[in-house]
Amino acid sequence: MKETVVEATVRALQRAETSLPDWVLQRIKEAAARESHPLARHHLQFMLENVAIATAKGLPLCQDTGLAVFHVQMGRELILDFSLSEAIAEGVRIATRVIPLRPNAVHPQTRQNSEDNTGPGMPDIILDYVDGRGLTLTAFPKGAGSENMSLVGMLNPADDPFDFIVKSVAKRAANACPPLFLGIGLGGSFDLAARLAKRALLNMPGESQEERQLLERINSLGIGAMGLGGDTTALGIKIEKAFCHTASLPVAINFQCWANRSATEVIQ
Amino acid sequence: MTEYHLRTPLSEGDVQKLVAGDLVFLSGPLFTARDKAHALMRRVGSPVSLEGAALYHCGPLILDDRVLSAGPTTSGRMARYTDEILGLGVRAIIGKGGLPGEPFQNRAVYLAYPGGCGAAAAEQLRVLGVHLQELGMAESLWVFEANEFGPMIVAVDAHGKDLYQEVRRSAQEKETY
């Protein structure tokens, strides 16, 4: 069973690094088709060409192959006689050699590189329990360009969280490889807001009216592909909410670049 | 929007004729450098001559001598080094996200390569050599031979025009804070 998880990890990473989910490609194509700025149209078309090259050659579409982030949905009836995190770490080490991936994981102070994309706290595994006895594993490699622009704001309950989001995006979008996907965590505590924002990215497709309105407001900024002007600054927004303290209003924004990579493997 | 196909090393004339918004394709040697290489060069100097050079903010994915994926990294992290790097003779910095425009005036341009497009970039590059390899794959100073490397957009020109700045300013005007 451990081998099954190791192999699923390698397969999920292989697909995540060399292709994009269909719904992501679809949104980029639609943005390219309606783009009125020539430079932005150029960029969007080049991005699509890049994905086609990567998929055809089986090579990582971006040299920043990301930090190893995984979402695991584990059946409540499943009993494992091995360490899930060790099995996923083993898959990451193998994937680093065979795909290959760029070694990105370093000690935060010495900056010493582990050379295999693992280390204390890495891979980062977000675990949920679900009904049944299956295991669903999603590789969500997270590049630093967009992750570095992410932030948590501890707002005053009298503040408007959407003003904070739009203002932060206006300032930070260009560095995060737009057009962006934005995961928003609204409420909770300091750290829960950040976790909600990451989960929002994992949960992406489909927008509520509130999310669509925020998306329109962000796109009206005109920041565009790669921050050089254009009609589409964000391709998607998801807001996840939790109750917060009556004195608090935490807001987290997890930036995701246009290359919104993920791939899921289901183990029965 | 004019399209240019230029060879490195770049001349002063090459830099002067480029205007923000132009498209550029580069051929010839390119040098990569990011966080660690910049910090090291500040202390001990550059291991290569950067006279007329195009410096690429990139941490590539390399297997043996093959470039597998090599798109741009965020230039903003290297902003603190711009002035001294341009002082070494660099005439173009390639990256994504931009850099403050002032140090570029009258001496260099900033070229934006589409971010995230590592696989497409790799097709336009081959390895000529590597320096500072002790810094690891992403942080080494790689010397690439570029073949029509682009499309890049002149985002900051040598005449004081900065496209990122213009876009940011107009975005802020749309939302009154």
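The table below lists the values:
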read-out	value
Among B:40-50, B:6-16, the order from most to least packed when residues are scored by Cβ within 10 Å on average	B:6-16, B:40-50
Over 30 Å between alpha carbons, listed pairs A:K29/A:K171; A:K171/A:K198; A:K238/B:K36; A:K241/B:K161; A:K167/B:K96	A:K238/B:K36; A:K241/B:K161
For the range A:1-44 and the range A:210-268, distance of Cα centres in Å	16 Å
Zero-based 10 Å bins, Cα pair distances in the range A:1-124, whole percents	12, 34, 28, 19, 6, 1
Calculated FRET efficiency for the pair A:F190/A:Q109, C-beta based, R₀ 35 Å, to 0.05	0.95
Rg and Dmax [Cα atoms of the range A:128-268; Å; Rg one decimal, Dmax integer]	15.5, 49
Set of aspartates and glutamates near B:K17 by C-alpha distance (under 16 Å), chain-local residues within fewer than 8 positions excluded	B:E3, B:D157, B:D162
Distance (nanometres) between label positions extended 7 Å along Cα→Cβ at A:A56 and B:E51	4.1 nm
Within a Gaussian network of chain A (alpha carbon springs, distance under 10 Å), most fluctuating of A:A16, A:A40, A:A242	A:A242
Lysines whose Cα lies under 26 Å from that of A:K2, excluding same-chain neighbours fewer than 8 positions away	A:K142
Once exposed loop chymotrypsin sites (Phe, Trp or Tyr not before Pro) are cut out (DSSP; at most 13 other Cβ, 10 Å), longest piece of chain A	A:83-242
Angle between chain B longest axis and helix B:163-174 axis [Cα atoms, degrees, rounded to 10]	40 degrees
Order of A:T55, B:T73 - criterion: other Cβ atoms within 10 Å of each residue's Cβ, fewest first	A:T55, B:T73
A:A242-B:K174 FRET efficiency (beta carbon distance; Förster radius 30 Å; 0.05 resolution)	0.45
Under the Debye formula (equal points on every Cα, no solvent term), log10 I(q)/I(0) of chain B at q = 0.16 Å⁻¹	-0.89
Test item: B:61-74 mean partner chain Cβ contacts at 10 Å	6
Over the range B:70-165, volume per residue of the alpha carbon convex hull, in Å³	107 Å³
Label-point gap, in nm, between A:M154 and A:E49 - each point 7 angstrom along Cα→Cβ	4.8 nm
Principal axis box of the protein assembly as shown, alpha-carbon based, largest edge first, Å	70, 51, 41
Label-point separation, A:T4 to B:Q105 (7 Å along Cα→Cβ), nm	6.7 nm
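Throughout, read-outs are computed from the coordinates displayed, never taken from laboratory work. Please read all numbers here as calculations on a predicted model, not as lab measurements. So basically every Cβ, Gly included, is an ideal-geometry build from the backbone, and we count neighbours across all protein chains shown.
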